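Read the structure below first, then the notes.
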Amino acid sequence: MKHKKKFNHLSRTSAHRKAMLANMACSLIMHKRIKTTVAKAKALRMYVEPLINKSKNDSTHSRRMVFRYLQNKEAVTELFRDISEKVANRPGGYTRILKLGNRQGDAAEMCLIELVDYNENMLSAKSGEGEKKRTRRSRRGKKSSKSQAAEQVAETSAENTSAVEDAEVVEDSSSNVQDSNSAPADNDDVKKEE
Amino acid sequence: MAHPKRKTSKTRRDKRRTHYKATVPALGVCSNCGATIRLHRVCQECGHYRGKLAIEKEVTV
């Protein structure tokens, strides 16, 4: 039964899987970007990110711990010398997976997995994203205030159907938004009309 | 071992297969070059992803 066997075994024995991930991790560290299938990339992400985390603390012990996983001293040197510097200010999330589409032959979904800090183009994109989020937040705030006013009007209209027409007029004319904000007053007016 | 008592009739077989359907892939438009792309994937034409250059042409090959 497959209970609690949550991680992807990639159709390999444990030793085969570890060896493959070690090789892939070395390739990623040396080349900064490798092309592979999405399933392997996701497995690799779980494998290398803790190693990159360890590289932030440059000690003999952490180097040996990383070497246990990589089994490649060139890769360990590269990781502790160059990558750890680049990555120093990033609190996790060191890799990015870019999906490319399906491979011919077996239609496996392919992707690029890369170290985030080594892709200059996408780094500039990140700063732009932050601004976008801010603008969206403000727009949302405006909408909610409008919709609240609309809701308040709607509540009054729900009580008696004759007020529906009035409410629609208020919603349509943007100049009357301030009027709709004073919903309790509207409510009184409606009752007087009744 | 248990065995089927009856051959599955054409109707039963076909009724079962009414749920075998192909799904339409989610498609979008590349914000850089306007080509049709599959969502959440790098544009095959220009290598852009979410409006930013993700990969140069040579690397994609």
- Whole-Hz Karplus ³J(HN,Hα) for the range A:10-20, in order, using 6.51 cos²θ - 1.76 cosθ + 1.60 and θ = phi - 60°, x for Gly and Pro? 6, 6, 9, 6, 4, 5, 4, 5, 5, 4, 5
- Message: Can you compute the FRET efficiency between B:LEU27 and A:GLU49 using 1/(1 + (r/R0)^6), with r the Cβ-Cβ distance and R0 = 45 Å? Round to the nearest 0.05.
- Response: 0.90
- Message: Give me, ordered by chain and number, the residues 5 or more places off B:HIS48 or on other chains with an amide H under 5 Å from its own placed amide H.
- Response: B:CYS43, B:ALA54
- Task: Please tell me the relative contact order of chain B in percent, rounded to the nearest whole number, where contacts are Cα pairs under 8 Å and at least six residues apart.
- Result: 18 percent
- Going through A:LYS40/A:LYS99; A:LYS32/A:LYS86; A:LYS5/A:LYS56; A:LYS5/A:LYS40 one by one, the pairs whose alpha carbons sit over 23 Å apart turn out to be A:LYS5/A:LYS56
- Query: With a 10 Å Cβ neighbour count serving as the proxy for reagent exposure, in which order, fewest first, do A:GLU114, B:GLU56 appear?
  - Reply: B:GLU56, A:GLU114
- In whole Å, how far is the Cα centre of the range A:1-64 from that of chain B? 28 Å
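If the only charges are +1 at each Lys and Arg Cβ and -1 at each Asp and Glu Cβ, what is the size of the charge dipole of chain B around the Cα centre, to the nearest 20 debye?
Numbers: 15 positive and 4 negative charges, 236 e Å.
With Lys and Arg at +1 and Asp and Glu at -1, about 1140 debye.
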- Note on the structure: From fewest to most C-beta neighbours within 10 Å, the residues A:VAL76, A:VAL48, A:VAL116 line up as A:VAL116, A:VAL76, A:VAL48
- R0 of 35 Å, Cβ-Cβ distance A:THR13-A:ASN102: FRET efficiency to nearest 0.05: 0.85
- Given +1 on the Cβ of Lys and Arg, -1 on the Cβ of Asp and Glu, and no further charges, what dipole in debye does the range A:14-122 carry about its Cα centre, rounded to the nearest 20? 320 debye
- Query: Which order do A:CYS111, B:CYS30 fall in if you start with the one that has the fewest other Cβ atoms within 10 Å?
  - Reply: B:CYS30, A:CYS111
- Query: Once the dipole of chain B is set up with Lys and Arg at +1 and Asp and Glu at -1 on Cβ about the Cα centre, which of B:HIS3, B:ALA35, B:CYS46 lies farthest towards its positive end?
  - Reply: B:HIS3
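Each value in this text was obtained by applying a stated rule to the coordinates, not by laboratory testing. Note that the structure is predicted; figures quoted are calculated from it, not measured. No Cβ is skipped: glycine too gets one built from the backbone with ideal geometry, and neighbour counts run over all protein chains shown.
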